[in-house]
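First up is the structure itself, then whatever we jot down about it.
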Amino acid sequence: MWLSEAVSSGPQFFYLVPLVVLFPVIGLLVNTAFGGRMSEKAIGWLASAAAGLSFVVAVLLGISLLSYPEGAVVPIVDWITIGELNINWGFQVDTLSVTMMLVVAGVGTLIHIYSIGYMHDDVRFQGDPGRYQRFFVFMNLFIAMMMILVSADNYLMLFVGWEGVGLCSYLLIGFWYDKGENGIGNAVAGKKAFIANRIGDFGFILAAFIMFWVFGTFEFNAVFELAPEVASLFPAAIVAITLLMLVGVTGKSAQIPLFVWLPDAMAGPTPVSALIHAATMVTAGVYLITRSAALYNLVPQVQNIVALVGAATALFAATIAVGQFDIKKVLAYSTISQLGFMVAAVGMGAYVAGMFHLVTHAFFKALLFLSAGSVILGLEHAHHHMEHNSQLKLPMDENDLHFDPQDMRNMGGLRNRMKISFWVYLIGAIALTGIPPLAGFWSKDEILTDAANFNPLAYWMMLAAAFLTAFYMGRQILMVWFGKPRSLPAEHANESPPIITVPLIILAALAATGGALNLPMWHTFTHWLEDSLGHLHAAEFSLQIAGLSSFLVLAAIFLAWLLYGRKYQAMQELPPDKRPDDPLRPILGPVFNALNHKWWVDELYWTIIINPYVSLAHFLADVVDWRFWHDWFHDTVIVGGYNKLTQVLSIQIDLGVIDAVANKLGDSVKRAAAKWRVIETGYVRNYALSFFIGVVLILGYLILR
Amino acid sequence: MNYYIDPLTLVTFFPVIGIVVLLFLRADQKVHARWVALITSLITFGISLAILAQFNPANPDLQMVVNIPWIQVAGWNISYFMGVDGLSILLILLTTLLTSLSILSTWTAVQDRVKEFMIFFLFLEMGMLGVFLAQDLFLFYVFWEFTLVPMYMLIGIWGGKRRIYAAIKFFLYTMAGSILMLLAILWLGIYQDTFNVPELAAMGGIPPNLQFWLFLAFGAAFAIKVPMWPLHSWLPDAHVEAPTAGSVILAGVLLKMGTYGFLRFNLQLFPIASVKLAPWVAALAVIGILYGAAVSYAQKDVKKLVAYSSVSHLGFVMLGLFALNSQGVQGGILQMINHGISTGALFLIVGMLYERRHTRDMDAFGGLWKVMPIYGALTLIVVLSSMGLPGLNGFVGEFAILLGSWGAGLPGGVLGSPWFTALAALGIILAAVYLLYMFQKLFLGPVTKEENRVLSDINWREILTLAPLIILIFWIGLYPNPFLNLMSASVDQLLNAMQTAAVAGIP
C-alpha cells in the first residue's frame, strides 16, 4: 500500500529523503554502542538492514518521481550563516539524485549482505575477529556519507559527503592497518588515498570560493539559474570554476594525474573495493560533472579538456591493466579506465551516456570484485586448510608458504572448483568488455557514438581502450579459470557459501540485463534524466560504430585466447627457471616491464613531489627553524649577544671605568687619610685642644655675625 | 548597602576564592587540593554559562559593563572597566571550560606540590578572564602581564627537563613585546586622555602615520603571543617543557590572547593602519600556515608536532581577521575557539600517552589503535577535526576564513590578491599530511614495542576530560549557527566602524 500511496501522493514522500542518510546513521550508532555485545550475525544484518531501508526509501522516492518528475528541494535546517553567506542542510530529490541513491543503496545493500559472509572469514584469516563490528560501522558510515553526497541540494553539503566518503575510504583501505608491506603498507595506502583526494579537494574548494563571490550562493538551482547571466558577465569565472572542479574530479574519480591512489586502495577488504572503489564513491566525480551540467555546457573549451582527460585516462589505465598479475589490481586499473569512459562522456555533454555507464558499471564491476573476493576466499581457505592440517602432508614448497591468494599466476582451472563464481565472473567480464546484449555494451556503445560525433580524438583513444579492455579481461578469465591449477590451493579451492554467492547471482542478473535501462529504441533513462538535466539529446544507435567496437572486442578476445589460452598453457610445461611468467613478456620486452610497473608514475611522483617535500620539511625544521632560528639566532645572537654585552659592561665598563673611578676615589681617600692620620695622635690633650679651638670658632662666629 | 557583585567581576575573581581555600590546606592534602580546584573551576564555568544566558547576541555593544574609577591621579584616567561583547563571549566560555578540563587532566599526572600547582592554575584563569574582559587599556595591560607569572611558574616548576630555559624564554620573549605595547598604551592614555577602549575607538582622529607606529607597537606584543611567523621560537620550547595542563591552556587560551588583541585593539583603534597593513599581515599569516605545516611534518616529538601545528592554525586565524569582512572575521573568531578545542584535545591526548609511557618520541609507538581502541577512535576524531574535515568544527572555521580572504583578494578588497587564499588552502593539504602521518606513527601498523602491548585504554576520567571537546567538535561542525550568532552583531559593528574610519581617514 506504500507503493500505491507513493504513486498518488508524491510530494509528501519527497519529505522522506532525510531518511536515506538517517537509517545508516542509526545503524552505525547502534552498532558502535551495542555491537560489542551483539553476535556477528546481528551486527551484519543490522547494518545490512540499515542500508536496505535506505534503498526502500530511495525506491519510494523513485516511484513518487514517476508521477511528479519535477522532484523537490527539501531544506532541513540552516547550517552556516555569516553575513551574505547562507548555507543549508537541504536535500534535492530529482531523477538524477534518486538514480544515484538507488545505485548506492541497492548495490550497497547487496555488498553489506555479502560482507556478512566474507568478513566472517576475513577477520579470522587476519587474526582479529574484534574488527568485524568496526567494519560494519565504517560501511554504514560510508552509505550515510555517500547519501549526503548525492542528495545534497548545494555544493557545500555535497562537499561534506565528498570528503566524508574519502574518510571512509581511508578507514577501510587501512582496515587491516597492521598488515601489508612491512606491516604498515595498508595504512600507507589509506593515507595516500586521503592525501591524493585532498589535492583534488583543494581544487574543489577554490571552485567553491569563486562560485560564492560570483553567484552569492551554493545552491544548485540558484547557481544554475544564474549561470547564463554570469557567463556573459564573467566568462573567466565559469571557466575557472569548471576547471577547478575537474581537479576535484581527478582526485575522487581517479583520473590523470591523481589516479595513483586507487590501485593501492585495493589493500582494503574486497567488499570495500567493490562498493567504494568501483561501484559508488569513485563515480562521485561523474555525478558532480553531471550535476553541474548547466555550468559545463557554457564552456565548451573546458568540456573538451574534461573529455580528453577522461579518454586519456581510459586508454592509459587500460594499458597498465594488461601488465598486472594481482587479480584485484587488474580490476582496479579497469575501474580507472572505465571511469575515464564516464568522465569523457560527461565531458562531451553526453550526460545520459555517462550516467548510464555509471549504473551498468556499478553492477558489473561490483560483481567482478565480489566474485574475485570469492576466489580469494576460496584460495585462502584451501591454503589455511593445508597449512593447519598436517595429516594431509601435502608437499609445500617455499612458494606455498608465502602464498599470495590474489596473484593470478597462482590460479588456473578454477572453473571446475568454483562453478557459481565462474559463471557470474564470466557474465561480469562479458558485460565489461561490451559484448551485446549485456549491460556494458549498451552504455559503452552510447559513449562511443557520442564521441564519434563530438570528439574524434577522444573517440579513437576510447576505441583503443575498449580493445585493450577486452584483451585484459580475456587474459584474466583465461589465467584464473581455465587451464590447469598452478598452485596447490588452486587445486583444492572450494565454492563459497550462499551468503556470498546469492548477492553475486543477483548482481549477475543486473549486469546481464542492466542495458535495458536505456535501449536505443526507447531511451527510458534519457527521458528519466531529462527531468533533472533539461533537454538531452539521445544518441542515435549507429550500427557502424557498434559493429566496429564489437569487432575489435572479439578480435581482442581472440588474441587473448591465442596468448593465454594456448601459449600460456604450453609454457607451463617448461622448467620454472626458463618459463616467463607472462607470454607477453618475451613479445613486448621492456614495454611489458613498463606496463607491469605502471609506467613508473608512482616513482615519478616520489621523485618530483614527495621526496622534495619531505626534504624541504626536514630542511625547514632542522636547519632553518632549529639550528638557524632557534639555536643560532635566539640562543647565540640574542642570548649570547646579551651575555657579551653584560660581560663588556661588567668587565670593561664596570671594572674598567666605574670600578676604576670608585677605586681611584677610594685610593685618594686612603692617601688623604694617611696624611691626615698624623693628627689622630691618641692623646687626650690634642683632642681637647682641637675641641677648644672648635668652640672658640663657633662662639666667635655667633658673636661676630 | 548593595552587596550585588556584577557577573564579570564575579567570574574573573571567583578563582581567587578557590585560591584562598587552597591556602588553608596542608601540602599533603593532594586530593582535597584537586577537588577544591576542580569545583572552583566548575563553578567559574557555571558563572560563565550564566553570563551567556544573560548575553544578548543582538546587541553589538559591550554588555554587563562595570566601570569604576580606579587610578585618577595626575590627570590619569584609569578605571576598572569590564565588559563583554560578541568578540569575547566565546573566549570566556572557552577559557572556563578548558581550565576545568585541564584541572581534571592533572588528577594523576601532577603529584608534586599539588596545592601550589592549583593555586597558580587558578591565578592563571583569573588573568586570562581579565584579559578578555578588560575594556580599559591599563587594566588590560595589568591582566596581560599578570598571566605571565603563573604560566612561568607552571612551566618552570612542573615542566620537563629543560623547563627553566623554556620558562625564562617564554617570560622574556613575551615581555619584550609587551614593553612596546606598554609604551603605546601610555602614549594613548596621555595624548588621548583616556584608557577607555570604546571611547578611544569612537574618538578616532589618530593620524594615519601615527596609527602605523601604534599598530606595530601593539602588534609586536600580540604577534609574539599568537605566535606569528617568525616570532614563534618560544613556542616549541614552552610547549614541549610545559606540563600537559599547561600546554592545553597555552595553546587553547593564551595564544588566543594574541589574536584577540589584534581583533579588539589593532582593528578597533587603528583602522587605517589595519587596512593598509592587512596584506603584510596576511603574507606573514600565509607563510606561517605553510611553514608551520611543513615543520610539523618533520618532527619526531609528537608534542612538538602539535606545537608547530599551532603556528599553522593560528595563521588561518590571522588571515581571517585581516580579511576584514564578516566571513573572514567571524571565521577567524570561530577558528580561535576551534583551535582551542582541537589542539587542546590533542595536547590532552598526548599527555595521556606521556603519562603511560614517559616518552613523546613517535618512533616509540605504533599500532596503538589495537591496544587502546577507544583512545584511538577519539584521537582520530580530534585529528580529523584539526585537519578540517567537513562536518566537524575545523572545517566551518577554515572554510569561512578562506572564503572571506578570497573575497578580500578580489578587486576592491583589502588583500588585493586571491593568491593569499590559494596558498593558504594548500595548508589544508599539508595539514592532512602531517596529521595523518602522526596518526599513522602512533596508532597504525603492528605493535612493535613490547611495552606498548600492555598499555591500558583510557579510563572514565580521561574519557570525561575529552568528551565535552568531542561533543563541541560535532556540534560546531554540524550546527555552528548558535556560535556564529553570538558574534555576528559585534563583528558587523566593528567592520562598519572600520569602514567609516578608513574611508574618512584616507585623504
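The values are calculated or read from the model by the stated rules, or taken from the named source; none is laboratory data. Computed from a prediction, not measured in an experiment: that's the story for all the values here. Quick reminder, even Gly has a Cβ in these numbers, built from the backbone with ideal geometry, and neighbours come from all protein chains shown. The protein model used for the area step is the full one, side chains on, heavy atoms only, and it has no ligands, DNA or RNA in it. Shrake-Rupley method; radii C 1.70, N 1.55, O 1.52, S 1.80 Å.
Identify the single condition in (1) open to solvent by 20 Å² or more (accessible area, probe 1.4 Å); (2) more than 30 Å from B:SER326 (Cβ to Cβ); (3) small (Gly, Ala, Ser) that A:GLY83 does not satisfy, given that it satisfies every other one.
All conditions are met except number (2).
Take the conditions farther than 17 Å from B:PRO390 by Cα, under 26 Å from the mean Cα position of the chain (by Cα) and crowded, with 21+ Cβ neighbours inside 10 Å and apply them to A:ALA144. Does it pass?
Answer is no for this residue.
Which pairs have Cβ atoms under 6 Å, sit 6 or more apart or on different chains, and link a residue in the range A:640-659 that is modelled with pLDDT of 80 or more to one that is open to solvent by 90 Å² or more (accessible area, probe 1.4 Å) and outside any helix (DSSP H, G or I)?
Hits for this filter: zero, empty list.
Looking only at residues in the range A:137-176 that are small (Gly, Ala, Ser) and in a helix (DSSP H, G or I), which one is nearest to B:ILE429 (Cα to Cα)?
Narrowing the range A:137-176 to residues small (Gly, Ala, Ser): A:144, A:151-152, A:161, A:164, A:166, A:169, A:174.
Filter once more, so that each one left must be in a helix (DSSP H, G or I): A:144, A:151, A:161, A:164, A:166, A:169.
Values: A:ALA144: 24, A:SER151: 26, A:GLY161: 18, A:GLY164: 15, A:GLY166: 13, A:SER169: 17 Å.
Among those that are small (Gly, Ala, Ser) and in a helix (DSSP H, G or I), it is A:GLY166.
Taking the conditions exactly as written (open to solvent by less than 10 Å² (accessible area, probe 1.4 Å) and closer than 18 Å to A:SER115 by Cβ), does A:VAL165 satisfy them or not? Show your work before the answer.
On the way: open to solvent by less than 10 Å² (accessible area, probe 1.4 Å): yes; closer than 18 Å to A:SER115 by Cβ: yes.
For A:VAL165, the condition - open to solvent by less than 10 Å² (accessible area, probe 1.4 Å) and closer than 18 Å to A:SER115 by Cβ - is met.
Within the range B:402-422, how many residues are open to solvent by 10 Å² or more (accessible area, probe 1.4 Å), touching a residue at least 60 places away in the same chain (Cβ under 8 Å) and in a helix (DSSP H, G or I)?
Number satisfying all stated conditions: 2.
Can you tell me which residue in the range B:273-285 is farthest from B:GLN499 (Cα to Cα), limited to those that are open to solvent by 10 Å² or more (accessible area, probe 1.4 Å) and more than 19 Å from the chain's Cα centre (by Cα)? Steps first, please.
Here is the first cut: in the range B:273-285, the ones open to solvent by 10 Å² or more (accessible area, probe 1.4 Å) are B:275-277, B:279-281, B:283-284.
Applying the additional criterion that residues be more than 19 Å from the chain's Cα centre (by Cα) yields B:275-277, B:279-280, B:283.
Values: B:VAL275: 9, B:LYS276: 12, B:LEU277: 15, B:PRO279: 17, B:TRP280: 19, B:ALA283: 22 Å.
Among them, the one singled out is B:ALA283.
Inside the range A:573-672, counting only helices (runs of 4 or more DSSP H) that do not spill past its ends, which hold 1 or more residues that are closer than 21 Å to A:LYS329 by Cβ and of a type in the set (A, V, I, L, M)? It would help to see each step written out before you state the result.
Numbers: elements: A:584-588, A:590-596, A:601-605, A:611-618, A:641-647.
The helices (runs of 4 or more DSSP H) meeting that bar are A:584-588, A:590-596, A:601-605.
Any idea which of (1) without any contact (Cβ under 8 Å) to a residue 24 or more places away in the chain; (2) away from every other protein chain (no Cβ under 12 Å) is the one B:ALA377 doesn't satisfy?
(2)
Could you tell me how many of the residues in the range B:33-86 are β-branched (Val, Ile, Thr) and either in contact with a Lys or Arg (Cβ under 7 Å, 6 or more places away or on another chain) or assigned to a helix (DSSP H, G or I) (or both)? Give the steps one after another, and end with the answer.
Initial filter on the range B:33-86 (β-branched (Val, Ile, Thr)): B:36, B:39-40, B:43-44, B:47, B:51, B:65-66, B:68, B:71, B:73, B:78, B:84.
With either in contact with a Lys or Arg (Cβ under 7 Å, 6 or more places away or on another chain) or assigned to a helix (DSSP H, G or I) (or both) added as a condition, the list becomes B:36, B:39-40, B:43-44, B:47, B:51.
Total satisfying the criteria: 7.
Can you tell me which of (1) in a helix (DSSP H, G or I); (2) free of Cβ contacts under 8 Å to residues at least 40 places away in the same chain; (3) within 14 Å of chain B (Cβ to nearest Cβ) is the one A:ARG124 doesn't meet?
Here A:ARG124 clears every test but (3).
What number goes with the only condition from (1) β-branched (Val, Ile, Thr); (2) open to solvent by 10 Å² or more (accessible area, probe 1.4 Å); (3) closer than 17 Å to A:VAL249 by Cβ that A:VAL188 does not pass?
Status for A:VAL188: all satisfied but (3).
Please go through (1) under 27 Å from A:ASN186 (Cα atoms); (2) crowded, with 22+ Cβ neighbours inside 10 Å for B:GLY397 and return the number of the only condition it doesn't satisfy.
In the conditions (1) under 27 Å from A:ASN186 (Cα atoms); (2) crowded, with 22+ Cβ neighbours inside 10 Å, B:GLY397 misses (1) alone.
Only one of (1) in a helix (DSSP H, G or I); (2) farther than 27 Å from B:ILE476 by Cα fails for B:MET126. Which number is that?
The number of the failed condition is (2).
Return yes or no: is B:ALA293 farther than 24 Å from A:GLU84 by Cα and either at pLDDT below 95 or more than 14 Å from chain A (Cβ to nearest Cβ) (or both)?
Against the criterion (farther than 24 Å from A:GLU84 by Cα and either at pLDDT below 95 or more than 14 Å from chain A (Cβ to nearest Cβ) (or both)), B:ALA293 does not qualify.
Every residue in the range B:220-251 that is under 12 Å from B:PHE262 (Cα atoms) and either open to solvent by 10 Å² or more (accessible area, probe 1.4 Å) or hydrophobic (A, V, I, L, M, F, W, C) (or both), please.
Scanning the range B:220-251 gives B:ALA220, B:ALA221, B:PHE222, B:ALA223, B:ILE224, B:VAL226, B:MET228.
Which ones in the range A:165-216 are without any contact (Cβ under 8 Å) to a residue 40 or more places away in the chain and polar (S, T, N, Q)?
The one that is without any contact (Cβ under 8 Å) to a residue 40 or more places away in the chain and polar (S, T, N, Q): A:ASN182.
Test of understanding: among A:VAL107, A:VAL150, A:VAL59, A:VAL98, which residue is open to solvent by 10 Å² or more (accessible area, probe 1.4 Å) and under 20 Å from A:GLY514 (Cβ atoms)?
Values: A:VAL107 fails: open to solvent by 10 Å² or more (accessible area, probe 1.4 Å); A:VAL150 fails: open to solvent by 10 Å² or more (accessible area, probe 1.4 Å); A:VAL98 fails: open to solvent by 10 Å² or more (accessible area, probe 1.4 Å).
The match here is A:VAL59.
Name the residues in the range A:490-506 that are out of contact with any Gly (no Cβ under 8 Å at 6 or more places or on another chain) and open to solvent by less than 80 Å² (accessible area, probe 1.4 Å), would you?
A:HIS492, A:THR501, A:VAL502, A:PRO503, A:LEU504, A:ILE506
Please give the number of the condition A:LEU584 fails out of (1) crowded, with 21+ Cβ neighbours inside 10 Å; (2) among the aliphatic types (A, V, I, L, M); (3) assigned by TED's automatic domain parsing to the domain that holds A:THR360.
(3)
Give just the number: which of (1) open to solvent by less than 80 Å² (accessible area, probe 1.4 Å); (2) more than 12 Å from chain A (Cβ to nearest Cβ) does B:PRO482 not satisfy?
Every condition holds for B:PRO482 apart from (2).
Between A:ALA208, A:ALA227, which is of a type in the set (Gly, Ala, Ser), assigned to a helix (DSSP H, G or I), open to solvent by less than 10 Å² (accessible area, probe 1.4 Å) and farther than 23 Å from A:CYS168 by Cβ? Talk me through it step by step, then tell me what you get.
Details: A:ALA208 fails: farther than 23 Å from A:CYS168 by Cβ.
Residue meeting the stated conditions: A:ALA227.
Applying the selection to the range A:32-50, what residues are part of a helix (DSSP H, G or I) and farther than 21 Å from A:ILE500 by Cβ? Can you show your working first?
Taking the range A:32-50 first, the residues part of a helix (DSSP H, G or I) are A:32-37, A:40-50.
Selection gives A:THR32, A:ALA33, A:PHE34, A:GLY35, A:GLY36, A:ARG37.
Got a number for residues in the range A:36-94 being within 14 Å of chain B (Cβ to nearest Cβ) and over 30 Å from A:HIS535 (Cα atoms)?
Count: 11.
Identify all residues within the range B:395-437 that are more than 7 Å from every other protein chain (Cβ to nearest Cβ), among the hydroxyl-bearing types (Ser, Thr, Tyr) and within 28 Å of B:ALA307 (Cβ to Cβ); write none if there are none.
Answer for the range B:395-437, where residues must be more than 7 Å from every other protein chain (Cβ to nearest Cβ), among the hydroxyl-bearing types (Ser, Thr, Tyr) and within 28 Å of B:ALA307 (Cβ to Cβ): B:SER405, B:TYR434, B:TYR437.
Return a yes/no flag: does the range A:380-398 have any residue that is basic (Lys, Arg), at pLDDT below 90 and open to solvent by 10 Å² or more (accessible area, probe 1.4 Å). Please lay out each step first, then the result.
So the first thing to find is which residues in the range A:380-398 are basic (Lys, Arg), and the list is A:393.
After this cut, where a residue has to be at pLDDT below 90 as well, the list is A:393.
Next cut, open to solvent by 10 Å² or more (accessible area, probe 1.4 Å) only: A:393.
Yes: the range A:380-398 contains one or more residues that are basic (Lys, Arg), at pLDDT below 90 and open to solvent by 10 Å² or more (accessible area, probe 1.4 Å).
Sort through A:ILE173, A:ILE184 and tell me the only one that's more than 9 Å from chain B (Cβ to nearest Cβ) and in contact with a Gly (Cβ under 7 Å, 6 or more places away or on another chain). Can you show your working first?
Values: A:ILE184 fails: more than 9 Å from chain B (Cβ to nearest Cβ).
After applying the criteria, what remains is A:ILE173.
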